[in-house]
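Structure in structure tokens, see below.
The values are calculated or read from the model by the stated rules, or taken from the named source; none is laboratory data. Just so it is clear, the model here is predicted, and its values are computed rather than measured. Cβ: placed from backbone, ideal geometry, glycine included. Neighbour counts: every protein chain shown.
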Amino acid sequence: MQHYNMNLTLKVWRQKNKEDKGGFQNYQVKDISSEMSFLEMLDVLNEQLIRDGQDPIAFDHDCREGICGMCSLYINGKPHGDWKANTTCQLHMRAFKDGETIVIEPWRAGAFPVVKDLVVDRSAFDRIIQAGGFISVNTGNAVDGNSLPINKDAADAAFAAAMCIGCGACVAACKNASAMLFLSAKVSHLALLPQGDPERKSRVFNMVAQMDKEGFGACTNTGACEAACPKEISIANIARLNKEYLFASITAEK
Amino acid sequence: MLDAKIPAGSLDQKWTDYKGHCKLVNPANKRKLEVIVVGTGLAGASAAASLGELGYKVKVFCFQDSPRRAHSIAAQGGINAAKNYQNDGDSIFRLFYDTIKGGDYRAREANVHRLAEVSGNIIDQCVAQGVPFAREYGGLLSNRSFGGTQVQRTFYAAGQTGQQLLIGAYQALERQIALGNVKMYNRHEMLEVVIIDEKARGIIARDLVNGNLERHFGHAVLLCTGGYGNVFYLSTNAMGSNVTAAWKAHKKGAFFGNPSFTQIHPTCIPVSGDHQSKLTLMSESLRNDGRIWVPKKQGETRKANEIPEEERDYYLERRYPAFGNLVPRDVASRAAKERCDAGFGVGTSKQAVYLDFADAIKRYGKIEIGKEGRENVSEEEIIALGKEVVKEKYGNLFDMYEKITGENPYELPMRIYPAVHYTMGGLWVDYELMTTVKGLYALGEANFSDHGANRLGASALMQGLADGYFVIPYTIGNYLADEIYNKSISTDHEAFVTTEKEVSNRIEKLMSIKGNISVETFHKRLGKIMWDKCGMARNAQGLEQAITEIQQLKKEFWSDVKIPGAINEFNPELDKAGRVADFIELGELMCIDALQRNESCGGHFREEYQTNEGEALRDDSNYMYVSAWEHKQEHTWELHKETLNYEVIKPTQRNYK
Ligand SMILES: Cc1cc2nc3c(=O)[nH]c(=O)nc-3n(C[C@H](O)[C@H](O)[C@H](O)COP(=O)(O)OP(=O)(O)OC[C@H]3O[C@@H](n4cnc5c(N)ncnc54)[C@H](O)[C@@H]3O)c2cc1C
Ligand code: SF4
Ligand code: FES
């Protein structure tokens, strides 16, 4: 792998707090190594800003290995940047060329208000889970793990849905700011497993109701969510969600 | 004398007897008892959910924007349990034995046995919650091997086991939140414990969004705040992982156990430059199939695939034929360092060794062909099929490696090097997980309890969930049963007022320094001192130097740190400044602890104490104890010792040959 250094212009969204209107500001960074991660590049900028007595740019991050779902950022018009199946923290600077301008914005969705700069409030996702994204089993209630064999394909499919990291890129990518991919991933994870069966109907009703209440938009099947999802959560989950919802509606006790 | 309150009776009956005799709190009284849980990793989320289910009034805190993001989410490889589903000779005793031996005989027998006893329940509980563990075609749970054992007892969900377990615990927690049993405080950082009449009675927390300080009362306080590997600056921990909660507790009277016991993980992606902000683990599970080697020739310049088989040194297989690539982490890390120091390292920095999957790919390819009963299959097809199998097992890890390094590990061997990963040390706790402050508990990586001087892979997840799901729900009742007469204390109580004042004074002091050097720079400097002098190899002279350097660094920090922004706003630099200030103090104690222990054991390798073959040389007659440090005043600690009594296992020199 050939390494190189680059100079870049960054056009970054700055917003003091939730109430502030916010706007773009330009910054120059020099000698950025192609081996750096995108967030390490922002670290360099922040160190520079601190040295110059300016306010560093606030952005969310923690694990920096693509699993906690804390990082976000709309990079050149794409959630988590241009690499496929990737989070911002795993994006590396070899994706950019010397002299480029990079535009960096927060997730934009009514249900994700900006906290500061590039940081948004995604607690709506937690409330959707509270509405039914669980299996009601208290500690100590369980029987032996192998007493319930589960078809491997079902287990694998449940796992594929359960890989969602709750980052919100699907919402950010969607022109309607719909949370359907996130929601459907959880409904699928639990609906595909026999353990999830008893609460199947109430789960899907309650979670969808909560999603609406949080102000996420409707799904019009554009597929933008799937394309942006760092964990390649399939849009087929949305179809499954719709089926679950329909089934629950038809068979609901009146 | 430190009393660990280990129940009497034979080892395998202690926990059963304890549960049979501990005090209980009736449901009506539970509703009147408030418990504070700091942390939402496996330990905190499982504890908070379980205590909420029992009926306690629970408040939970985490500094991330959601409890689901706790660092446990990043755990990759798996979780151990003595299920013996593979019929390969596993048992509670064997898991207990392996853990004690892996910890180089510096862990407490009673705790470790209890851990092994409840390990099976954890798997059952997680399956019931819908954790999608890997399964075999028959629908039953699958297992893999991890280091330091000869059985297959590790349960996993591809390379995302921690994520799946944490999501399970998080969902249980969210359910309790929805039911109103638990109240969640995201983006809050606990900055002090409030102690009233010698009992922990609450915390001071800072709302990280607006910077406001808050007072919270609890009849008991649980710290589930994770490990402190970031004292080394570079580690595999998440960026936010820190020691602050534990350190505040320590300064308020909780003893710190074995602070210098640090785990350096052998298989991490090597440092690529000064810009590096963290290191990424390549799960130990890769050592099931990957073979570790370096060239036999010093200063080799050829590429990996140009070096013929006979010119490669598979040094772990050579030195440790019985365990081969699956020796425990401390052993594997030191062996890698030894080869690199001797000039056999690879890559541009020469600080790396190869982890090679070529053989595994071929082996799996052949198995696939065998299943189909075909013959005369081309080498390419075998390799292609083998890659598919490897992809299913480790795909996400291979992807991660490629994203970071830009190299394709299906074609080229990975380059890896040891990195700081886990801290066995932590707040000293007794059998009930209570610290030396009454009513203050520590769970998960934040305590020192179960792993001695070296933790075996896949045992941290097990411990975190054991503490939270199956231990604390019993042991806390034994304490709270006597608290039912104590009404909740108003947060206007003088102790809350003064403790809050301490916190605000400190924050104002930090902000008023207005120096020239960034927090990050101080953190890097501390990390370098720690890694060079208190890292994989330590010696008395280096440690003494390190102590002086750290004291100097502390002075500089408090006179020259530069923190931008204001107190009453979202200000990550200020949050970090507080954490780094605590890391600096911890660093000093770690060096003092390492200096005090004139032996090598597990991850604590003192160069002065090694066998002729370079293995750790323990000194059981003088150091068979847990060092528990009491904070006295700046730069001064008093050492207390908890003597370890081995009633069942006879300590010997660890042998993985
Ligand atoms: C990359 C990686 C891979 C790993 N893989 C494995 C594996 O395969 N198997 C295994 O057994 N172990 C593994 N481990 C180790 C294991 O993941 C950890 O030891 C374990 O998850 C720690 O869990 P915990 O609940 O104690 O703490 P954490 O998960 O670290 O949680 C700490 C919590 O405390 C909160 N917190 C901390 N301080 C404060 C404060 N002051 N105020 C408020 N909240 C606070 C945080 O917000 C967080 O919620 C791995 C570790 C790493 C780094
Ligand atoms: S579905 Fe994908 S994009 Fe949406 S929250 Fe989950 S991981 Fe993120
Ligand atoms: S920082 Fe954790 S996913 Fe990016």
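Let me confirm something: among A:Arg122, A:Arg127, which residue is at the interface with chain B (Cβ under 9 Å from one of its Cβ atoms) and within 16 Å of ligand 3 (Cβ to nearest atom)?
Exactly one of A:Arg122, A:Arg127 is at the interface with chain B (Cβ under 9 Å from one of its Cβ atoms) and within 16 Å of ligand 3 (Cβ to nearest atom), namely A:Arg122.
One line per residue, one yes/no per condition, for (1) buried (at least 24 other Cβ atoms within 10 Å of the Cβ); (2) farther than 16 Å from B:Leu397 by Cβ; (3) facing chain A (nearest Cβ under 7 Å):
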position: B:Ala128; (1), (2), (3): no, yes, yes
position: B:Ala134; (1), (2), (3): no, no, no
position: B:Gly139; (1), (2), (3): no, yes, yes
position: B:Asn143; (1), (2), (3): yes, yes, no
position: B:Phe146; (1), (2), (3): yes, no, no
position: B:Gly159; (1), (2), (3): yes, no, no
position: B:Gly162; (1), (2), (3): yes, no, no
position: B:Ile167; (1), (2), (3): yes, yes, yes
position: B:Tyr170; (1), (2), (3): yes, yes, no
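Quick check on the stretch A:193-219: of everything there that is small (Gly, Ala, Ser) and more than 18 Å from A:Phe134 (Cβ to Cβ), which residue is surrounded by the fewest Cβ atoms within 10 Å (Cβ to Cβ)?
For the stretch A:193-219, the residue satisfying everything is A:Ala218.
How many residues are outside any helix (DSSP H, G or I) and either of a type in the set (S, T, N, Q) or at pLDDT below 95 (or both) when one looks only at the stretch B:20-30?
Residues in the stretch B:20-30 being outside any helix (DSSP H, G or I) and either of a type in the set (S, T, N, Q) or at pLDDT below 95 (or both): 1 in total.
Would the stretch A:97-112 turn up any residue that is part of a helix (DSSP H, G or I) and at pLDDT 95 or above?
Checked the stretch A:97-112: no residue is part of a helix (DSSP H, G or I) and at pLDDT 95 or above.
If you don't mind, there's one more thing I want to ask. Quick one: is B:Glu599 assigned to a loop (DSSP other than H, G, I, E, B), touching a residue at least 24 places away in the same chain (Cβ under 8 Å) and under 20 Å from B:Arg108 (Cα atoms)?
yes
Now, a different point. Which of the residues spanning the stretch B:38-73 are among the hydrophobic types (A, V, I, L, M, F, W, C) and in a helix (DSSP H, G or I)?
Within the stretch B:38-73, B:Leu42, B:Ala43, B:Ala45, B:Ala47, B:Ala48, B:Ala49, B:Leu51, B:Leu54, B:Ile73 meet the criteria.
Would you mind finding the one in A:Val204, A:Val171 that is of a type in the set (Val, Ile, Thr), more than 16 Å from ligand 2 (Cβ to nearest atom) and either assigned by TED's automatic domain parsing to the domain that holds A:Leu241 or under 30 Å from B:Asn84 (Cβ atoms) (or both)?
Matching residue, one of A:Val204, A:Val171: A:Val204.
Take B:Phe357 and tell me if it is crowded, with 20+ Cβ neighbours inside 10 Å, of a type in the set (A, V, I, L, M, F, W, C) and at pLDDT below 95.
Criteria not met by B:Phe357.
Exactly one of these conditions fails for B:Asn408: (1) part of a loop (DSSP other than H, G, I, E, B); (2) away from chain A (no Cβ under 14 Å); (3) touching an Asp or Glu at 6+ places or on another chain (Cβ under 8 Å). Give me its number.
Result: B:Asn408 passes all but (2).
Does A:Pro79 fit the bill of being closer than 30 Å to B:His188 by Cα and surrounded by 21 or more Cβ atoms within 10 Å (Cβ to Cβ)?
Spelling it out, A:Pro79 is indeed closer than 30 Å to B:His188 by Cα and surrounded by 21 or more Cβ atoms within 10 Å (Cβ to Cβ).
Would the stretch A:10-23 turn up any residue that is under 30 Å from B:Ile269 (Cβ atoms), buried (at least 19 other Cβ atoms within 10 Å of the Cβ), more than 16 Å from ligand 1 (Cβ to nearest atom) and in the same structural domain as A:His61 (by TED's automatic domain parsing)?
Yes, there is a match, as at least one residue in the stretch A:10-23 is under 30 Å from B:Ile269 (Cβ atoms), buried (at least 19 other Cβ atoms within 10 Å of the Cβ), more than 16 Å from ligand 1 (Cβ to nearest atom) and in the same structural domain as A:His61 (by TED's automatic domain parsing).
Let me ask another. I'm checking my understanding of the structure. Among residues of the stretch B:194-224 that are within 12 Å of ligand 1 (Cβ to nearest atom) and either within 14 Å of chain A (Cβ to nearest Cβ) or free of Cβ contacts under 8 Å to residues at least 12 places away in the same chain (or both), which one is nearest to A:Leu118 (Cα to Cα)?
B:Leu208
Restricting to the stretch B:39-93, and then to whatever is more than 27 Å from B:Ser488 (Cβ to Cβ) and within 16 Å of ligand 2 (Cβ to nearest atom), can you tell me which residue is surrounded by the most Cβ atoms within 10 Å (Cβ to Cβ)?
Checking each candidate, the answer is B:Arg69.
Report the residue count in the stretch A:56-73 for those that are away from ligand 1 (no atom under 11 Å from the Cβ), aliphatic (A, V, I, L, M) and facing chain B (nearest Cβ under 7 Å).
The qualifying residues number 1.
Regarding the stretch B:372-385, can at least one residue be identified that is crowded, with 24+ Cβ neighbours inside 10 Å and over 30 Å from B:Tyr105 (Cα atoms)?
There is no residue in the stretch B:372-385 that is crowded, with 24+ Cβ neighbours inside 10 Å and over 30 Å from B:Tyr105 (Cα atoms).
Here's something else I'd like to know. Restricting to the stretch A:152-192, what's the tally of residues that are away from ligand 3 (no atom under 16 Å from the Cβ), surrounded by fewer than 24 Cβ atoms within 10 Å (Cβ to Cβ) and in a loop (DSSP other than H, G, I, E, B)?
Summing the residues that are away from ligand 3 (no atom under 16 Å from the Cβ), surrounded by fewer than 24 Cβ atoms within 10 Å (Cβ to Cβ) and in a loop (DSSP other than H, G, I, E, B) in the stretch A:152-192 gives 3.
Take A:Ala162 and tell me if it is at the interface with chain B (Cβ under 9 Å from one of its Cβ atoms) and either over 22 Å from B:Glu174 (Cα atoms) or of a type in the set (Lys, Arg) (or both).
Criteria not met by A:Ala162.
Right, next: Has the stretch B:423-439 got any residue that is within 14 Å of another protein chain (Cβ to nearest Cβ), within 30 Å of B:Cys340 (Cβ to Cβ), away from ligand 3 (no atom under 16 Å from the Cβ) and assigned to a strand (DSSP E or B)?
No, every residue in the stretch B:423-439 fails to be within 14 Å of another protein chain (Cβ to nearest Cβ), within 30 Å of B:Cys340 (Cβ to Cβ), away from ligand 3 (no atom under 16 Å from the Cβ) and assigned to a strand (DSSP E or B).
Next question. Please enumerate the residues belonging to the stretch B:607-631 that are acidic (Asp, Glu) and either assigned to a strand (DSSP E or B) or under 24 Å from the mean Cα position of the chain (by Cα) (or both).
The answer is B:Glu615, B:Glu630.
Consider B:Leu433 carefully, then state whether it is within 29 Å of B:Ala158 (Cβ to Cβ) and either touching a Phe, Trp or Tyr at 6+ places or on another chain (Cβ under 9 Å) or within 11 Å of ligand 1 (Cβ to nearest atom) (or both).
No, not satisfied.
Every residue, every condition in (1) within 27 Å of A:Met163 (Cα to Cα); (2) of a type outside the set (S, T, N, Q); (3) part of a helix (DSSP H, G or I); (4) within 14 Å of another protein chain (Cβ to nearest Cβ), yes or no:
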site	(1), (2), (3), (4)
B:Ala335	no, yes, yes, no
B:Gly370	no, yes, yes, no
B:Glu392	yes, yes, yes, yes
B:Ile404	yes, yes, yes, yes
B:Leu412	no, yes, no, yes
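Kindly indicate whether any position in the stretch A:181-196 is within 20 Å of B:Gln164 (Cα to Cα), touching a Leu at 6+ places or on another chain (Cβ under 6 Å) and facing chain B (nearest Cβ under 9 Å).
yes
Same structure again: Within the stretch A:75-110, which residues are within 14 Å of chain B (Cβ to nearest Cβ), within 14 Å of the chain's Cα centre (by Cα) and away from ligand 3 (no atom under 16 Å from the Cβ)?
Hits for the stretch A:75-110: nothing passes.
Exactly one of (1) away from ligand 1 (no atom under 13 Å from the Cβ); (2) within 14 Å of chain A (Cβ to nearest Cβ) is unmet by B:Asp467. Its number?
For B:Asp467, the failing item is (1).
Identify all residues within the stretch B:236-281 that are of a type in the set (Gly, Ala, Ser), within 15 Å of ligand 3 (Cβ to nearest atom) and within 16 Å of the chain's Cα centre (by Cα); write none if there are none.
B:Ala238, B:Gly240, B:Ser241
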